[in-house]
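Colleague: I'd like to ask some things about the structure below.
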Amino acid sequence: MANIFKKWFDNLLKSIFKKKKDVKLGLYGPPNAGKTTLANRISLDWLGEEVGSVSNIAHETREIQIKEQITIKSGRKELTFNLVDTPGIATRIDYEDFLKAGLSKKEAKKRAKEATKGVIDAIKWLDNMDAVVVVLDSTKDPFSQVNLTIIGNLQARNIPVLIVANKIDLKKSNLKRVVDAFPQYNVIGISAKDGVNIDKFYEELFKLLD
């Protein structure tokens, strides 16, 4: 009886003093790969609300966006995390590119300045991440300087990584090319926009954050 009471008391103490860890899952990738679209998909599926706006113009997301305490379920399993949507990583940001996209000179310079700060913030936030989903555009060459920079930073920090090859609904999509580019990582093809393969993506999140 004494042993039973001691076990109960020990478990009670653990539950009282146990520090709850806020698991941070970061979405990283180049501009317009579909990070915010995926963030919106996850948040809508489990919270019923979006994280941020999306646009065809690069660097629509220029600040860190967080959705806290997202709980996803698969059978009897549950997984809770804070979702961190980051600005697109770029090695070069030129306001003239925004002029070509139709923004005014004032708007273009403002966006370029904010986008540059966003990239710096995103890199700084890497040190806070428990795991990262790297979102790549499967219609583009995966061997870009930006992609290799992102992967290199994650490798240096030993952060668990899942690579998502997004936009597999498009004709130019080439999932095999992304898989072959990063054989050391688990790669899953999805369409964040249409929800294609999203259930498989959630299954992989359980493995990533286990």
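Read-outs: derived from the displayed coordinates by stated rules, not from any lab. The model shown is predicted, which means the values in this text are computed figures rather than measured ones. Reconstructed Cβ throughout: ideal geometry from the backbone, glycine too, with neighbour counts over all protein chains shown.
Colleague: Could you work out how much longer the chain between residue 185 and residue 92 gets when fully extended? Use 0.36 nm per residue separation minus the Cα distance between them, nm to one decimal.
Modeller: Contour length minus Cα-Cα distance gives 30.9 nm.
Colleague: Here's another thing I want to ask about it. Between the stretch 30-52 and the stretch 148-185, what's the alpha-carbon centroid distance in Å?
Modeller: Taking the Cα centre of each part, the stretch 30-52 and the stretch 148-185 sit 18 Å apart.
Colleague: Hey, can you grab everything whose amide H is under 5 Å from the amide H of residue 186? Only 5+ residues off in sequence or another chain; H modelled, so Pro and N-termini drop out.
Modeller: Residues meeting the amide H criterion: 163.
Colleague: Straight-line reach from residue 105: which aspartates and glutamates fall under 15 Å, measuring Cα to Cα and dropping same-chain residues less than 8 apart?
Modeller: Residue 105 reaches 94, 96, 97, 114.
Colleague: Set the Förster distance to 25 Å, then compute FRET efficiency between residue 207 and residue 172 from the Cβ-Cβ distance, nearest 0.05.
Modeller: The computed FRET efficiency comes out at 0.30.
Colleague: Right, another one. Go ahead and run the numbers for FRET between residue 158 and residue 106, Cβ-Cβ distance against an R0 of 35 Å, rounding to 0.05. Don't jump to the answer; show the numbers that get you there.
Modeller: Values: r = 43 Å, r/R0 = 1.22.
Plugging the Cβ-Cβ distance into 1/(1 + (r/R0)^6) gives 0.25.
Colleague: Please list, in chain and number order, the residues 5+ apart from residue 51 or on another chain whose amide H is under 5 Å from its amide H, with Hs placed from the backbone.
Modeller: 40
Colleague: Go through the stretch 130-145 residue by residue and turn each phi into a ³J(HN,Hα) via Karplus (6.51, -1.76, 1.60, θ = phi - 60°); whole Hz please, and just put x for glycine and proline.
Modeller: The phi angles translate into 8, 7, 9, 9, 8, 9, 10, 7, 6, 8, 10, 5, x, 8, 8, 4 Hz.
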